[in-house]
Each structure stands twice: as C-alpha cells, then as structure tokens.
Amino acid sequence: MPSDRIRKALLDIRDNILLAQRWSANLAMDEFASDRLRFYAVTRCLEIISEASRRLSPEARQRHPSIAWRDIRDAENIYRHDYDGVQERIVLETVGSSLPELLEAIERELGA
C-alpha cells in the first residue's frame, strides 16, 4: 500500500488526466487552439501531472517501464520556463496519445 503522500500524488495524476481528457474531448485542433481557456486548463493539468509524477516512488515507476517517466517529469520545465513555446497541437496530442496508458498505470497503482 502506498504512503499517503504517494497515494495523493497518484490521485492527483488520475484526476488531472480525467480533467484533461474531459476538457479536450471531441475537439478538432482548430477548436482547441482557438479556445484559450481550454488550452490553459489542459496545460495546467499536464503541469500538475508532471509535478505529481516526481512524488512517485522509484518502485512504482519501475513497475511501468513503458511509461516515459523522465519525459513526463521534464515536461514541467517546458510548461513553466518555455511557456511561449507550448504548442496547442502537442498538448492535444499528449492528451490523446500518452495519457490513456498513464491512466491505466496509475489506476493499477491505486488498486494495488
């Protein structure tokens, strides 16, 4: 059973994945790109996911070697320090292609 701190990080990751998916669901790229509020909200979810992933134990990350943990952790630096370079297309693609697998891993950890 994970510690309270790790469990909170897992819940934060799960909750922010679900929010990002909900707020970007069924949107065409041009719709997402033109909706600044959605873009900012989904980007913030990705920031939280990145920060919370730093709080997971090495063992939890090792149980899911197909997840690009370093890329997830490093993404936060882009969102914070290269904020003007964050592209709507990449944010939307991240939600659609990377978050489903991450959600599965997080749910397995929460169920353990």
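The values are calculated or read from the model by the stated rules, or taken from the named source; none is laboratory data. In this text the structure is predicted, and so the values were computed from the model without any measurement. For neighbour counting, all protein chains shown are included, and Cβ atoms are generated from backbone atoms with ideal geometry for every residue, glycine included. All accessible areas refer to the heavy atoms of the entire protein, side chains included, with ligands and DNA or RNA removed. Shrake-Rupley method; radii C 1.70, N 1.55, O 1.52, S 1.80 Å.
Values as computed for the structure displayed
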{"read-out": "Solvent-accessible area of Leu27 with every protein chain in place, 1.4 Å probe, in Å² to the nearest 10", "value": "40 Å²"}
{"read-out": "Theoretical FRET efficiency, 1/(1+(r/R0)^6), r = Cβ-Cβ of Asn26 and Ile90, R0 25 Å, to 0.05", "value": "0.85"}
{"read-out": "At R0 = 25 Å, FRET efficiency that the Cβ-Cβ distance of Ala33 and Ser66 yields, to 0.05", "value": "0.25"}
{"read-out": "Dipole moment magnitude, nearest 20 debye, the stretch 3-112 about Cα centre, only Lys, Arg, Asp, Glu C-beta charged", "value": "440 debye"}
{"read-out": "Protein accessible area in the stretch 1-111, 1.4 Å probe - carbon and sulfur %", "value": "49 percent"}
{"read-out": "Residue-count net charge about Ser50 - beta-carbon cut-off 10 Å; Lys, Arg +1, Asp, Glu -1", "value": "-2"}
{"read-out": "Zone of Arg80's modelled label, taken as backbone nitrogen in the stretch 18-55 under 13 Å from a point 7 Å along Cα→Cβ", "value": "47-55"}
{"read-out": "Translational diffusion of the chain, µm² s⁻¹ [Kirkwood Rh, Cα pairs; Stokes-Einstein; 4 °C; 1.567 mPa s]", "value": "91 µm²/s"}
{"read-out": "Helical mean residue ellipticity (222 nm; -39500 (n - 2.57) per DSSP H run of 4+; nearest 500) of the chain", "value": "-24000 deg cm²/dmol"}
